[in-house]
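Since every read-out is calculated from the coordinates, none of them should be taken as a lab result. Predicted, not measured: the structure shown is a model, and the values here were computed from it. Glycine also receives a Cβ, built like all others from the backbone with ideal geometry; neighbour counts cover every protein chain displayed.
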Amino acid sequence: MKRILTLLILISSTLHAGNAWPGIVQQSRPYLVEIEYYEAMDSPESLSKKREVKRQLSGILFGNEGLIITHSSIFPAQLNFLNASLYGSSELPRDITVRLADGKTIPATFVGKDDDYHVAFIRLDMKKPPRGVKFNTRYRPQIGDKLLLLHLLNSSYQNAPHLQELRINAVQQQLRPLYLADGETRALSFGLVMNGKGVPLGVAYTRTGSMGTSASGLIRMRMASALKELLKNPPVYTRKKRDNKKWLGITMQPFTRAMARYYSADSINGILINTIMEGSPAQQAGLQIGDVITSLGGIRVIAEKYEDMDDFRDRIRSFPRDSAEVRFWREGSLLKAMVHLTATPISQFLADSYEIKSLGFSVKALTKDILLAKNMDFDTHGVWISQVERAGSADLSGLRIGDILLKINNTPIETLDNLKKMMETIDREKPDYISLFIRRGAETQFIFIKNLTARR
Amino acid sequence: MKKHVTALLLFILFPGVLLTAQSMDRQIQQAKDKVFPALVHIQPVKEIFSGGEKQKMQVTGSGVIISADGYLVTNNHVAEKAHYVRCTLSSRQEVTARVIGLDPWTDLAVLKLDLEEAGLDEVPYASFGNSRNVDVGQVVMALGSPLGLSRSLSMGVISSVDRYFEDVGDMISPFNLWLQTDAAINPGNSGGPLINLKGEIIGINARAVVFGENLGFAIPSNIVKFVVRQILEKGAVERSYIGISWQEINDFRKYLHQPSLEGVLVAAVDRNSPAERAGVRPGDLVTAIKGRMVSAVYREELPRIRLMVANQKVGAPLKLNIVRDGKALSVTVVTGEQGKFQGTEFNARKWGLSLEELTPRLIKYFQLENAAGVLVSGVKSGSPADKADMRRGDIITLFDGKAVNDLETFKQYYQKATTDSTKSVMLMLKVNKRNRFALIEGKKKK
């Protein structure tokens, strides 16, 4: 009955005033939800005090299983080791609550996220979730297309639904095309993109970085046609799992036309391998520095500018199969190899950590991002100092975040297990000083820390 | 009667106060008169590489003449890379000078005034005092050209005689402690003398704390005397190198519960260094060097040990007594040569590139495996090197597929390649643990 009424209103409004908006708002509003959650703010300088900050986002309820799609900033930890930073929390968002259009507040749990698309998924914790939006996945967007964007204003505007018209002003052509529209919508965190008739087509956001920096005057849109797979099978995040993307383990640059001329290989275009990481799929496949990759999985690789690298990287990351045929040029001949694509190494956010409260520091297993940042060999094993409590015992003795821990009391430490065992001995014997042998930059040194739990 | 007593007291005290004030003033005047004529305002024109190009720049510093025939002392950071040095004596006569020797490790330099050209037979000079006798609270004066204001004098006391500074980038002082003074020292005072009330040079002013108030630092005169003598005799200070970084044992004593432990801890051993070859390891406690007991409980005692090693003959065996895991042993390290501080520079002008030789310091800083390669120290905007995305800090390892072992090799390849301007050159660069190819494009044939 309600539906028919909506339809009638829709028809009547289009017929009479030529204004379809009230109908569209009424029809789509139930899909828009407000999400409230707590983000853990890990301070590298404090072990015990975990600060939490309340945050808000909007999201879109879709499908029939209570799934909500929202912005990936709900879990800002960078999972990909290549652009991970030293700081930030790896704690999942806590106490997520979702306010539906009818005002009901329902708890929800974090499902997973995709940093390449900047989207994340949460699920309502209820038996019979309300029906969500059904996206049209056949829409092929074009520059100039007129679209509607519906989102919820923030709480200072009582979360009123906000509908606006926009056009696709620019298309960033990549493996995952991004549609850009002009618009000053600072209150937008995540919204629903529709065509002029209110048919749901995709999602929009203004936040770009994981930390929620907003772009000035540009609305970014992802269409359901590209998100199809993610909507069907949302990524599931588990603490122990590796990054669910694949990697080749090289750094690369475009093999430009000028370079092709230099090598008298005018017809060759592709990606020039300049570094191969230890133990990577590329190394195992026998690829070498100086090889030019011309095709991947039967698809030609075109690379003339540095931006083209992103496309190639994206293609590797989301490659549908575990192995790929790579064709490449090496010193005048065209060769091919099968590359077994494995999961991308994890970033420090996903690394195991171990807190030593009595001394005021915590330690993490070395991940590839830290090795790159510290200019260390890519196959180094060990642990590094990830937190140092401000004015704690370790801090006062001069230990710093980023130091590589080599030995404790003259015993080499290569894994967190080594360290745990060592700390058990220390807890038992309670020496009043503990010696750490560390590496900082090019130099090693000893740091003697007073053990505050020592027997008097 | 009471009034009389007061008057009497005043009468007795007053001349006394007057006398001390007079003598203090006289002492200051006398000391100043001894050194002031030897004070030099130095304006070197430096040739530096900036943005991939050779550029000229004039700086201002101070100096002090130490001999009648015109030798003068200043800071290395004033005189280094000087192409031409113009000096103004305190008589305001202008004299050119040439650089005799530089010692970046102590930030000292010796220059010689061209007296003949200036038509002078001799010049007034100042003499050194013994910096070991300097004490905290002693009145001192700093002479020089603060912020370019020549022939300035400021006064204060010695605030500390054993200030220790860790090395930070190019600001290093491994072999000396510093005299700290509250006599105002500003940029431009660099290289000027710090003098006592006898008119003796007790230090050469070299550093001040930016935004700090009255925190100036001088290199003690005994270090200066040593360095000057070495430069005058050999043109440079010869130092030996074994590749050990030392650490004081104050906390190590507590860790071992041995409050009377003596020695110095090995904190790090450089890769491929004489110490590494001799089997010295981090954690070793060195108790004697060449039979002489050594100990550094506090870090202020480290420069003396570094100096002791540095003053050994290069290539000579050096016996170290070591305690390792409680056992005494001895190892013999054959000393090596302390590498260059600053590498030779080269301007690959046609490519808009300035390059620097890899010195042991740079190799350590970039954590390189060996000395192969040359460092890009600057890239000119819009140049072929810039177009090839080359950046400052890149290390060139390959030139058209051939290994670039050192700056000389690069120069040879470069000179040969640039005879034909249409030829392109492919370089391999190393940035941290990653490589990058850079194509320097030749001009298109017409």
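Structure values in brief
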item: Relative contact order for chain A, counting Cα pairs under 8 Å that sit 6 or more residues apart, in percent; result: 12
item: Cα pair distances in the stretch B:36-118, grouped into 10 Å bins until the bin that holds the longest one, percent each; result: 19, 53, 23, 5, 0
item: Value at 222 nm in deg cm²/dmol, rounded to 500, when DSSP H runs of n ≥ 4 in chain A each add -39,500 (n - 2.57); result: -5000 deg cm²/dmol
item: C-alpha center-to-center spacing [the stretch B:371-400, the stretch A:351-411] in angstrom; result: 34
item: Angle between chain A longest axis and helix A:416-429 axis [Cα atoms, degrees, rounded to 10]; result: 60
item: Using alpha carbons only: equivalent-ellipsoid semi-axes of the stretch A:26-232, gyration tensor based, whole Å; result: 27, 21, 16
item: Whole-Å semi-axes of the ellipsoid equivalent to the stretch B:240-337 (Cα gyration tensor, √5λ, descending); result: 21, 14, 12
item: Convex hull projection area averaged over all views, the stretch A:246-343, Cα basis, nm²; result: 5.4
item: Debye equation applied to the C-alpha atoms of chain A, log10 I(q)/I(0) at 0.06, 0.09 Å⁻¹; result: -0.35, -0.74
item: Relative contact order for the stretch A:246-343, counting Cα pairs under 8 Å that sit 6 or more residues apart, in percent; result: 32
item: Amide H within-cut-off set for B:TRP246, under 5 Å, with H built and near neighbours excluded; result: B:ALA267
item: At least 20 Å along the helix axis (C-alpha) and Kyte average at least 0.0, DSSP helices within chain B; result: B:2-35
item: Residue-wise HN-Hα coupling along the stretch A:316-327, computed from phi with Karplus coefficients 6.51, -1.76, 1.60 (Hz; x: Gly, Pro); result: 5, 4, 10, 4, x, 10, 7, 10, 9, 8, 10, 9
item: Percent of alpha-carbon pairs separated by more than 57 Å within the protein assembly as shown; result: 29
item: Per-residue [θ]222 nm for chain B (sum of -39500 (n - 2.57) over DSSP H runs n ≥ 4, rounded to 500); result: -6500 deg cm²/dmol
item: Residue with peak Gaussian network fluctuation, chain B [Cα springs, cutoff 10 Å], from B:LYS32, B:LYS198, B:LYS416; result: B:LYS416
item: Calculated P(r) tail over 43 Å for chain B, as whole % of Cα pairs; result: 28
item: Placed amide H near B:ARG239: partners under 5 Å, 5+ positions off or other chain; result: B:GLN338
item: Phi to ³J(HN,Hα) by Karplus 6.51 cos²θ - 1.76 cosθ + 1.60 over the stretch A:96-108, Hz, x for Gly, Pro; result: 6, 10, 10, 9, 7, 4, 7, x, 5, 10, 10, x, 9
item: Farthest toward positive dipole pole in the stretch B:149-202 [+1 Lys/Arg, -1 Asp/Glu at C-beta], among B:VAL161, B:ILE185, B:PRO174; result: B:ILE185
item: Mean-position separation - Cα centroids, the stretch B:180-204 and the stretch A:272-340, in angstrom; result: 64
item: Relative contact order %, chain B, counting alpha carbon pairs below 8 Å whose residues are six or more apart; result: 11
item: Binned Cα-Cα distances of the stretch B:345-440, short to long, each 5 Å bin given as a whole percent; result: 3, 14, 27, 30, 17, 7, 2, 0
item: Listed pairs B:LYS54/B:LYS411; B:LYS234/B:LYS319; A:LYS407/B:LYS340; B:LYS56/B:LYS443; A:LYS246/B:LYS364; B:LYS350/B:LYS402 exceeding 24 Å between Cα atoms; result: B:LYS234/B:LYS319; A:LYS407/B:LYS340; B:LYS56/B:LYS443; A:LYS246/B:LYS364
item: For the stretch A:26-232, share of DSSP beta bridges that run antiparallel, in % to the nearest 5; result: 100
item: Per-peptide average of other Cβ atoms within 10 Å, ordering A:91-101, B:58-68 highest first; result: B:58-68, A:91-101
